[in-house]
Amino acid sequence: MNARNGGDNCFQSPKQRKALQQLESRLAKIYTERGAYELALRRLIEVAHRRYKDRSPELKKLDAQRAENPTWFCGNQLMAYSTYVDKFGRDLEGVRQKVDWLLELGVNYLHLLPFLKMRPGKSDGGFAVENFLEIEPSLGNHQQLESLGKELRENGISLCSDLVLNHVADTHEWATKARNGDPSAQAFFYWKTHEEACRLEESLAQIFPQTAPGNFVYIPETGKYVWSTFYQYQWDLNYSNPEVLASMADNMLGLANLGVEVFRLDSAAFLWKRAGTNCMNQPECHWLLQCFRAMVDLVAPGVLLKAEAIVPTAELPPYFGLNEDEGRECHLAYQSSLMAGAWFSLANQNTQLLRKQINEMPEMPSGSNWICYIRCHDDIGWNVLKPEIDSAQHAQLKFASAFFGGQMAGSYANGLTFQANSPDAVHGTNGMLSDLVGWKYPDDLSGYSRYKLMLSLIFSLGGIPMIYMGDELAQPNAPSTAEDQARWVDSRDLHRPAFNDLARHQVTEEPDSRAARAFRLIKHLRQIQKSELTAINTSALQIIDTGLDSLLVFHHEDKICLFNFSAQSLILNKSRLNASGKTLRDLIEGRFFDLDEMLIEPYDSLWLIRYDASNS
Ligand code: GLC
């Protein structure tokens with residue numbers, strides 16, 4: 001038996017052989033010491049064989065179908081929905097019963113936030129995983145996950161699960177054993193002396209500076225500090241140990257075999273530590289992700305990997321794999337800079353930053369796509385914009401954070417600031433979409449227009465638009481009395497309300513309610529986007545300079561997408577759009593613009609086409 005074929009080689013196809021080669025070459029780069037490399041290769045091949053044998057004929061059939069249509073997730077083919085299981089359906093069975101709701105909205109990609117066995121008590125919303133192969137008992141069991149996966153598949157919806165790669169709960173078996181002195185378990189984590197930890201802190205950022213200051217926690221049983229970038233109960237895994245990589249790949253493929261079709265690789269940027277750096281985006285981190293990709297390509301090639309790397313746009317393309325690594329890392333990545341850029345523009349009523357971001361959008365390798373979103377379960381992290389703004393815009397960044405975070409008199413927004421490590425720092429912002437845009441009652445035209453503006457923007461950017469649960473009903477923030485807040489993990493719980501079943505009924509029973517208007521809008525945007533906005537990626541969008549600072553206007557192939565980020569009406573001459581004398585029609589609301597002077601309403605958003613009465 002040799003390491004490569006495990007004694008019985010089921011990986012014979014050209015694609016599998018390529019994946020094997022890729023695995024070997026990445027492992028050789030990461031584990032430069034011969035013994036570690038050989039161990040890594042042997043363990044990973046063993047995992048791949050076992051999981052390949054376990055994979056059901058039904059899932060292998062799906063792999064084969066995907067192989068025939070390898071760009072099934074590119075362009076505008078998918079619309080995503082992201083939610084916590086308990087908030088949406090109470091448990092996995094409850095989610096299954098809501099599949100019709102997702103279908104009605106037009107969703108064909110469902111991201112369920114962590115549902116694996118989590119740490120008891122506080123668990124960072126399930127991101128402190130105690131066992132990757134068990135379902136959190138309060139949310140269901142394997143059978144429920146499989147039947148949900150099956151029902152989703154039958155309805156053409158892909159199931160996405162988080163895979164928390166960077167850390168485990170301090171109650172995970174590895175952590176418990178490590179605490180009890182087991183050396184092989186201790187080798188799964190990073191242990192530091194007080195002096196070492198202090199030195200490392202000098203170049204590290206703080207993710208939760210108020211609720212979890214510092215990156216190391218003292219563990220009395222070991223007399224050392226363990227690395228914990230996020231909460232103290234989330235211990236970072238040490239990937240320089242090949243056993244860690246093999247175990248996590250095993251967990252990933254075990255979940256893939258239960259029907260998970262997309263993995264959201266949580267905190268993907270943090271996987272490798274290098275003293276003196278901020279320990280993000282290190283080359284080894286990419287090689288590790290390429291190993292995960294090779295494992296997927298070998299065993300479950302229909303499965304997608306999505307990088308949750310909340311880093312500036314310039315640092316994102318490597319997560320897709322560049323140059324000779326094209327197509328060898330993640331298939332998907334979040335576009336968090338554009339998300340923050342949109343909020344920045346709304347606060348400042350100026351789109352200069354967004355225009356620059358779109359103009360400078362890097363080309364994407366084929367076989368990759370962005371997730372375009374406006375809200376998610378996390379805060380709006382403004383820091384991601386820092387490298388993209390100039391010094392003059394720094395004050396605007398602080399303004400945006402204060403404006404949405406409830407710290408500015410006269411602001412329409414009803415959000416809360418997230419933690420920061422100094423009063424001077426720019427705080428993240430929490431809140432549901434309807435509260436952040438200040439859509440207060442059904443007929444509030446400004447509020448509704450801002451709602452529509454932010455949503456129509458993400459549907460027009462040429463990636464996968466993602467709706468965060470509750471925004472399709474314009475749900476407000478979660479209750480936030482002192483009693484509620486005492487139960488929160490942190491202020492991100494402000495935008496983690498439970499799905500409102502009453503509002504769901506309003507969609508059919510009260511067509512003028514806010515819930516009904518929000519739902520109709522999103523459904524409508526998706527329908528038009530699917531048939532009309534077909535640019536295959538964001539870098540294909542072409543900014544049109546109108547000379548008006550509050551307007552964002554771009555060509556989306558033959559359509560013109562136009563957004564007014566200001567509270568003022570504007571007059572725009574069609575010559576700026578190269579459409580003098582032409583009638584333009586807005587695809588969203590069916591409005592016509594006959595005159596050369598177009599009146600653009602406050603916060604208006606239009607998807608325009610040239611209207612030719614003869615072939616209408
Ligand atoms: C990701 C998640 C976030 C979590 C963190 C630590 O950023 O989106 O909710 O707190 O990882 O797991």
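Every read-out reported here was derived from the displayed coordinates using simple, explicitly stated rules and does not represent laboratory data. Keep in mind it's a predicted model, so treat the numbers as computed, not measured. Don't worry about glycine lacking a Cβ; one is built from the backbone with ideal geometry, like all the others, and counts go over all protein chains shown.
Remarks
- Whether segment 509-557 is rounded, prolate or oblate, judged on the alpha carbon gyration tensor where a/c under 1.5 counts as rounded: oblate
- Along the axis of the charge dipole computed for the chain (Cβ charges of +1 for Lys and Arg, -1 for Asp and Glu, origin at the Cα centre), the listed residues GLN143, ILE380, ALA340 are led at the positive end by GLN143.
- Hull shadow area, averaged, the chain [alpha-carbon convex hull, nm²]: 28.2
- Taking amide hydrogens as placed 1.01 Å from N in the peptide plane, the amide H of CYS279 sits under 5 Å from those of ARG274, each at least 5 positions away in sequence or on another chain.
- Given LYS150/LYS273; LYS523/LYS574; LYS87/LYS306, the pairs whose alpha carbons are separated by over 28 Å: LYS150/LYS273; LYS523/LYS574
- Each part reduced to its alpha carbon centroid, segment 222-250 and segment 13-90 end up 22 Å apart.
- Within segment 318-362: backbone nitrogen closer than 13 Å to the ASP390 label point (7 Å, Cα to C-beta): 352-353, 356
- Here the Karplus relation 6.51 cos²θ - 1.76 cosθ + 1.60, evaluated at θ = phi - 60°, turns the backbone of segment 549-556 into coupling constants of 5, 8, 9, 10, 9, 9, 7, 10 Hz, with x for every Gly and Pro.
- Listed residue (ASN350, GLN65, MET408) projecting farthest to the positive dipole end of the chain, Cβ model: GLN65
- Bridgeable lysines around LYS530 (alpha carbons under 20 Å apart, same-chain partners fewer than 8 residues away excluded): LYS452, LYS559.
- log10 of Debye I(q)/I(0), alpha-carbon scatterers only, for segment 17-80 at 0.12, 0.19 Å⁻¹: -0.50, -0.87
- Table column - 3J(HN,Hα) (Hz), segment 159-176, Karplus curve with 6.51, -1.76, 1.60, x for Gly and Pro: 8, 10, 10, 6, 10, 7, 7, 7, 8, 10, 5, 5, 9, 5, 3, 4, 6, 5
- Within straight-line reach of LYS18, meaning a Cα separation under 16 Å, sit the following aspartates and glutamates at least 8 residues removed in sequence or on another chain: ASP297, GLU324, ASP325, GLU326, GLU329.
- As computed over segment 427-539, the Cα convex hull volume per residue (Å³): 130
- Added length on full extension, which subtracts the Cα-Cα distance from 0.36 nm per residue, ASP512 to HIS555: 12.2 nm
- Relative frequency of Cα-Cα separations exceeding 15 Å in segment 475-519, percent: 50
- Close amide H contacts of ILE371 (hydrogens built in the peptide plane, cut-off under 5 Å, sequence separation of 5 or more or a different chain): ALA333, TYR334, GLN335, ILE464.
- Net charge dipole, the chain: roughly 900 debye, given to the nearest 20, about the Cα centre with Cβ charges of +1 for Lys and Arg and -1 for Asp and Glu.
- When the pairs LYS98/LYS356; LYS53/LYS117; LYS386/LYS582 are compared against a 29 Å limit on Cα-Cα distance, LYS98/LYS356; LYS386/LYS582 fall above it.
- Centre separation in Å (Cα based) which lies between segment 251-282 and segment 587-614: 45
- In order along segment 470-487, the phi-based Karplus estimate (6.51 cos²θ - 1.76 cosθ + 1.60, θ = phi - 60°) of 3J(HN,Hα) comes to x, 5, 6, 10, 6, 5, x, 3, 5, x, 9, 5, 4, 5, 4, 4, 5, 8 Hz; Gly and Pro are listed as x.
- Highest to lowest packing among 240-246, 514-520, 466-472, scored as the average C-beta count within 10 Å: 466-472, 514-520, 240-246
- In summary, segment 157-231 shows an alpha-carbon radius of gyration equal to 1.25 times the 2.2 N^0.38 Å reference for compact globular proteins.
- Long-range amide H partners of GLU134 with built H, under 5 Å: LYS117
- Taking every DSSP helix (H) stretch of at least 4 residues in the chain, weighting each as -39,500 (n - 2.57) and dividing the sum by the residue count yields a mean residue ellipticity at 222 nm of -11000 deg cm²/dmol.
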